[in-house]
Structure formats: C-alpha cells, structure tokens
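K.L.:
Mind having a look at this structure? Questions to follow.
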Amino acid sequence: MNFLEERILKDGIVKPNNVLKVDSFLNHQMDISLMEEIGREFHRRFGDKNITKVLTIEASGIGIACFVAREFGVPMVFAKKSHSINIDSEVYTAEVESFTHKNKNNIIVSRKFLNQDDHILIIDDFLANGCALQGLIAISKAAGASVEGIGIVIEKGFQIGGQVIRNLGIQLESLAIIDAMDSDTGSITFREQ
Ligand code: G4P
C-alpha cells in the first residue's frame, strides 16, 4: 500500500452514492507535507518527459498542481470555469459536463499561456467520468501542444473515465485507484498496481 492509499484509509470517509470525502487532507483542508510527497511522486513517474507546463482545472486541482509544477520547475496553468456564453477569441475553450453536479461549464485558458511548443502534464485530484480531463486534452490540442501524461490523485476505478483516457493512449498515472467502496461499513478496496 502506498502513502496515499494509507492516508485515504486513515482519513477518507465513504459517503453514500460512491462519494469519498477527502476534505480533511486533500481538497478543502490540505496537508502540505502530503502535497509535497504527491509532487515528488508525480515527478518520479513523469520525470523522463520534457514537461514545460503543468495544466489543471479550478478549483481543487490547483493546489496539487502547484506542488507538481514546483518539482518540474515549470509554470502551472489552470483552466477557469466560465459561465459566459460569449467566449472571446483570446482563449481556448472546451465544454465540460459534470455528471456529479449535473451541469455544463465552458472551461477556458488564455492563448497566451499554452502553445505548440508546450509539453503538458495534466494533473487533477479526482478522475470519475473523465469529462474534466477530456476538456483539458481538447484545450491542449487546440493549442497544438502535446499531452505527455496525466497524473491523478484518486481514480474511481468503477467509473468510466480511467478506461476512456487509457484508450486514448495517454500515460495515465493514478496514485490510488478505488475499485469499490461501501458507505455502510466504510470499507475501501484499492486496485493492485
Ligand atoms: P469527471 O470530472 O471525472 O468527469 O467527474 P464528475 O463530473 O463526475 O466530477 C465532478 C466533480 O466531482 C469534480 O470536481 C470531481 O473532482 C468531483 N468528484 C467526483 N467524485 C468525487 C468523490 O468521490 N469525492 C469527491 N470529494 N469529489 C468527487 P469539480 O466540481 O469539477 O471541481 P472542484 O471545483 O471541486 O475542484
């Protein structure tokens, strides 16, 4: 069991409807020592790539992506969620649907901050249905940049996203993959990696 799986077992709370609360250490209150370890681990896994930018999406991805970008010594760029229908030509944009929140957002990144010379590492906290990641991949493509890999802290292996992304042929590294969880017993089953 790795450091992240251990922490999930210690402090994660399984809620009904397959929701895992990790807000005491990951996406509300953040354990900075853990963030540093996550940054180092993604650098270990993707350090052989010539990464020029770390890309994530607001809100919860930002903190984690900062620590990853620090390890690589490159800027971190985050996609903003925009409710505006009038998207200007200065931005790359993609539509992202949230199954959890049952809504659609446009996500945007300024053209100033991504271009065809970029080698991108995408980072996010959760991978569920993969819609957010597909939006970030679309934005990278629109910029002419190459996606060198995707690093996820917690993948919900029983939802479709991981399979969809792996089928695209992109290196996807999830620090923990949850195959099952039970809110009655609080049990969490991790995939052997
Ligand atoms: P997807 O991004 O993989 O397509 O998944 P989905 O639409 O289902 O997820 C919507 C939001 O719910 C995402 O945050 C995602 O991180 C979060 N999420 C999904 N499953 C869980 C879970 O089990 N526990 C927790 N804590 N979060 C989960 P978001 O609303 O887009 O972003 P943010 O503003 O919270 O960062």
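K.L.:
Can you find, within segment 156-168, the residue that is surrounded by the fewest Cβ atoms within 10 Å (Cβ to Cβ) among those that are not aliphatic (A, V, I, L, M) and not in a loop (DSSP other than H, G, I, E, B)? Step through it out loud before you land on a result.
P.N.:
Narrowing segment 156-168 to residues not aliphatic (A, V, I, L, M): 156-159, 161-163, 166-167.
Okay, now just the ones that are also not in a loop (DSSP other than H, G, I, E, B), so 156, 161-163, 166-167.
Numbers: K156: 23, G161: 23, G162: 23, Q163: 11, R166: 13, N167: 8.
So, considering only residues that are not aliphatic (A, V, I, L, M) and not in a loop (DSSP other than H, G, I, E, B), the one surrounded by the fewest Cβ atoms within 10 Å (Cβ to Cβ) is N167.
K.L.:
Looking only at segment 1-21, filter to residues that are assigned to a helix (DSSP H, G or I) and not hydrophobic (A, V, I, L, M, F, W, C); which one of those is surrounded by the fewest Cβ atoms within 10 Å (Cβ to Cβ)?
P.N.:
Quick first cut of segment 1-21, residues assigned to a helix (DSSP H, G or I) only: 3-11.
Filter again for not hydrophobic (A, V, I, L, M, F, W, C), leaving 5-7, 10-11.
On the way: E5: 19, E6: 11, R7: 19, K10: 9, D11: 15.
Top of the filtered list is K10.
K.L.:
Continuing with the same structure: In segment 107-129, is there at least one residue being more than 18 Å from the chain's Cα centre (by Cα) and within 16 Å of the ligand (Cβ to nearest atom)?
P.N.:
Checked against the condition, which is being more than 18 Å from the chain's Cα centre (by Cα) and within 16 Å of the ligand (Cβ to nearest atom), segment 107-129 yields no hits at all.
K.L.:
Out of the residues in segment 106-122 meeting the condition of being touching a Ser or Thr at 6+ places or on another chain (Cβ under 6 Å) and open to solvent by 20 Å² or more (accessible area, probe 1.4 Å), tell me which one is farthest from D23 (Cα to Cα).
P.N.:
First pass over segment 106-122, keeping only residues touching a Ser or Thr at 6+ places or on another chain (Cβ under 6 Å): 106, 108, 118-120.
Filter again for open to solvent by 20 Å² or more (accessible area, probe 1.4 Å), leaving 106, 108, 119.
Numbers: N106: 25, I108: 26, H119: 31 Å.
Filtering segment 106-122 for residues that are touching a Ser or Thr at 6+ places or on another chain (Cβ under 6 Å) and open to solvent by 20 Å² or more (accessible area, probe 1.4 Å), the one farthest from D23 (Cα to Cα) comes out as H119.
K.L.:
Can you tell me how many residues within segment 42-56 are assigned to a helix (DSSP H, G or I) and either within 18 Å of D117 (Cα to Cα) or more than 14 Å from the chain's Cα centre (by Cα) (or both)?
P.N.:
Step one: filter segment 42-56 for residues assigned to a helix (DSSP H, G or I), giving 42-46.
Pick out the ones that are also either within 18 Å of D117 (Cα to Cα) or more than 14 Å from the chain's Cα centre (by Cα) (or both) and you get 43-46.
Going through segment 42-56 one residue at a time, the tally reaches 4.
K.L.:
From the list E36, E71, which residue is modelled with pLDDT of 95 or more, exposed (fewer than 15 other Cβ atoms within 10 Å of the Cβ) and in a helix (DSSP H, G or I)?
P.N.:
Numbers: E71 fails: exposed (fewer than 15 other Cβ atoms within 10 Å of the Cβ).
Answer to the check: E36.
K.L.:
Kindly provide the set of residues from segment 74-86 that are open to solvent by 70 Å² or more (accessible area, probe 1.4 Å), more than 30 Å from R40 (Cα to Cα) and not in a loop (DSSP other than H, G, I, E, B), ordered by number.
P.N.:
Of everything in segment 74-86, nothing turns out to be open to solvent by 70 Å² or more (accessible area, probe 1.4 Å), more than 30 Å from R40 (Cα to Cα) and not in a loop (DSSP other than H, G, I, E, B).
Table: residues versus (1) in contact (Cβ under 8 Å) with a residue 60 or more places away in the chain; (2) surrounded by 13 or more Cβ atoms within 10 Å (Cβ to Cβ).
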site	(1), (2)
E95	no, no
K104	no, no
D124	yes, yes
L127	no, yes
S146	no, yes
I170	no, yes
D179	no, yes
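The values are calculated or read from the model by the stated rules, or taken from the named source; none is laboratory data. Being a predicted model, the structure only gives us computed values, none of them experimental. Don't worry about glycine lacking a Cβ; one is built from the backbone with ideal geometry, like all the others, and counts go over all protein chains shown. Ligands, DNA and RNA are excluded from the accessible area calculation, which covers all protein heavy atoms including side chains. Shrake-Rupley method; radii C 1.70, N 1.55, O 1.52, S 1.80 Å.
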